[in-house]
Amino acid sequence: MDKCPHHNCFADDNTTCTLGHLRLDLCPEWKRVSNPAVAITTTADAMLLPWTGLAMGESDLNFVNGRGKPITVGVVGPESAGKTTILGSFYLLLGRGALTNEAHAFSNSYTLTGWEAVATSMRWKPGPQPPRFPPHTPSSRARAPGMLHLAFRRENGSLRDLLLADAPGEWFRKWAINQDAPEAEGARWIARHADVTLLIADRQALSGPKMGTARNDFQLLAQRAIANARGRPLALVWTKGDLEVTPAMEAQIRRAVAFAPTPVPEFTVSVASQEGVDTADGFRRLFNWILSTKRPGVELPATKASGHDPLFRFGRR
Ligand SMILES: Nc1nc2c(ncn2[C@@H]2O[C@H](COP(=O)(O)OP(=O)(O)OP(=O)(O)O)[C@@H](O)[C@H]2O)c(=O)[nH]1
Ligand SMILES: [Mg+2]
């Protein structure tokens, strides 16, 4: 397939046109692929907004990074573990004003179309069709995961940006087996950039006919995720909380995260209604924890010695 000549555009990878054109054939940069002599002219279709509303790729992040480094949240887990369902549930609760309180009031999002793509099937709509789960996240040739953006205004008026990375489980399976696997580039990206990691334990897989394999896979992935988090906040998130898992299996999963250098909080979420349980509660608790996390700052101890290069004293962050 043709490669877009724009140095910052990966539209050939099925990601968004960096100039914001929904139709590639109307993008002046893309037109140069078929006719390199064509001069770049703006056409009537040119979009004035520098973003499309779709999930962001790595090179779109400048919009958000420009006003302060956002908190990047990586959702790490195997295929069909319920990762996208968590993100869709956050968005649906946000739409009802039921995700956060006044301490973090919703401010804006650059990726509303991307959020809609995740959550639209989960909505109750008039008609005979009940809500469905979001579609499987495809592992296309994209280099980095699709990032969904949300910004919240705190009581002191400052903004807090969040980027939630929705990646396919296949990437993590390959990454758990081989950290350097070429197909695991997206998983490595998340491991490198995530300020907060949600490590997913799928109760369906951990109670199903292949529970032994699911447990081994979890142990491997947990080891990899904890090593890469290097002390950054990480939570154990049980998905499909409506399903029973034996206490022995629960204990083994907890043991797999017990060696983390910082305490690992635990959350349980489920979209299936259960007697006496408010389904939204688990998602709210998890989201509040994400909002409460802080990025560790670099502390520069006072020193009298001069002439030391900080790079060698504090390393690269
Ligand atoms: N019982 C139950 N099933 C759930 C729940 N959440 C998700 N599921 C099931 O899990 C399936 C996968 O959910 P997804 O959110 O697409 O999983 P994913 O981790 O994003 O999967 P990939 O995109 O393939 O990596 C859904 O199609 C549902 O069948 C839940 O709360 N309870
Ligand atoms: Mg998914």
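The values are calculated or read from the model by the stated rules, or taken from the named source; none is laboratory data. Not measured: the values here are computed from a predicted model. Positions of Cβ are generated from backbone atoms using ideal geometry, with glycine treated the same way; all protein chains shown enter the neighbour counts.
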| Limited to segment 104-137, what total is found for residues that are within 22 Å of A151 (Cβ to Cβ) and either in contact with a helix residue (DSSP H, G or I) (Cβ under 8 Å, 6 or more places away or on another chain) or outside any loop (DSSP other than H, G, I, E, B) (or both)? | 16
| said: Looking only at segment 48-82, count every residue that is of a type in the set (F, W, Y) and closer than 16 Å to W115 by Cα and tell me the total. | reply: 1
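Tally time: how many residues in segment 57-69 are surrounded by fewer than 21 Cβ atoms within 10 Å (Cβ to Cβ) and either under 30 Å from N216 (Cβ atoms) or in contact (Cβ under 8 Å) with a residue 12 or more places away in the chain (or both)? Don't jump to the end; show me each part of the working.
Going through segment 57-69, the residues surrounded by fewer than 21 Cβ atoms within 10 Å (Cβ to Cβ) turn out to be 58-59, 61-63, 65-69.
Retained after the next criterion (residues that are either under 30 Å from N216 (Cβ atoms) or in contact (Cβ under 8 Å) with a residue 12 or more places away in the chain (or both)): 58-59, 61, 63, 67-69.
Count: 7.
Would you say R188 is touching a residue at least 24 places away in the same chain (Cβ under 8 Å), surrounded by fewer than 23 Cβ atoms within 10 Å (Cβ to Cβ) and away from ligand 2 (no atom under 16 Å from the Cβ)?
On the way: touching a residue at least 24 places away in the same chain (Cβ under 8 Å): no; surrounded by fewer than 23 Cβ atoms within 10 Å (Cβ to Cβ): yes; away from ligand 2 (no atom under 16 Å from the Cβ): yes.
No.
Hey, can you tell me all the residues within segment 47-95 that are more than 14 Å from ligand 2 (Cβ to nearest atom), modelled with pLDDT of 90 or more and either acidic (D, E) or within 29 Å of V257 (Cβ to Cβ) (or both)?
Kept after step one, since they are more than 14 Å from ligand 2 (Cβ to nearest atom), are these residues of segment 47-95: 47-54, 56-73, 92-95.
Still in the list and also modelled with pLDDT of 90 or more: 70-73, 92-95.
Scanning segment 47-95 gives P70, I71, T72, V73, L92, L93, L94.
Among the residues of segment 202-241 satisfying the criterion of being farther than 28 Å from T72 by Cα and not basic (K, R), which is farthest from ligand 1 (Cβ to nearest atom)?
Applying the first criterion (farther than 28 Å from T72 by Cα) to segment 202-241 yields 207-213.
Subset that is not basic (K, R): 207-209, 211-213.
On the way: S207: 11, G208: 11, P209: 16, M211: 15, G212: 20, T213: 16 Å.
Checking each candidate, the answer is G212.
In segment 234-263, how many residues are within 19 Å of the chain's Cα centre (by Cα) and either surrounded by fewer than 12 Cβ atoms within 10 Å (Cβ to Cβ) or touching a residue at least 60 places away in the same chain (Cβ under 8 Å) (or both)? Can you show your working first?
Within segment 234-263, the subset within 19 Å of the chain's Cα centre (by Cα) is 234-240.
The next check asks that each one be either surrounded by fewer than 12 Cβ atoms within 10 Å (Cβ to Cβ) or touching a residue at least 60 places away in the same chain (Cβ under 8 Å) (or both); those that pass are 237, 239-240.
Looking only at that region, the number is 3.
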| Among all residue pairs at least 6 apart or on different chains, which show Cβ distances below 7 Å where the first residue, located in segment 197-224, is outside the structural domain of V264 (by TED's automatic domain parsing) and the second is more than 16 Å from ligand 2 (Cβ to nearest atom)? | none
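Restricting attention to segment 146-163, does a residue exist that is basic (K, R), assigned by TED's automatic domain parsing to the domain that holds R215, farther than 25 Å from L22 by Cβ and within 16 Å of ligand 2 (Cβ to nearest atom)?
Step one: filter segment 146-163 for residues basic (K, R), giving 153-154, 160.
So of that shortlist, the ones also assigned by TED's automatic domain parsing to the domain that holds R215 come out as 153-154, 160.
Applying the additional criterion that residues be farther than 25 Å from L22 by Cβ yields 153-154, 160.
Imposing the further condition that a residue be within 16 Å of ligand 2 (Cβ to nearest atom) reduces the set to none.
Scanning segment 146-163 turns up no residue that is basic (K, R), assigned by TED's automatic domain parsing to the domain that holds R215, farther than 25 Å from L22 by Cβ and within 16 Å of ligand 2 (Cβ to nearest atom).
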| query | Of the residues G88, G74, which is assigned to a helix (DSSP H, G or I) and within 14 Å of ligand 1 (Cβ to nearest atom)? | reply | G88
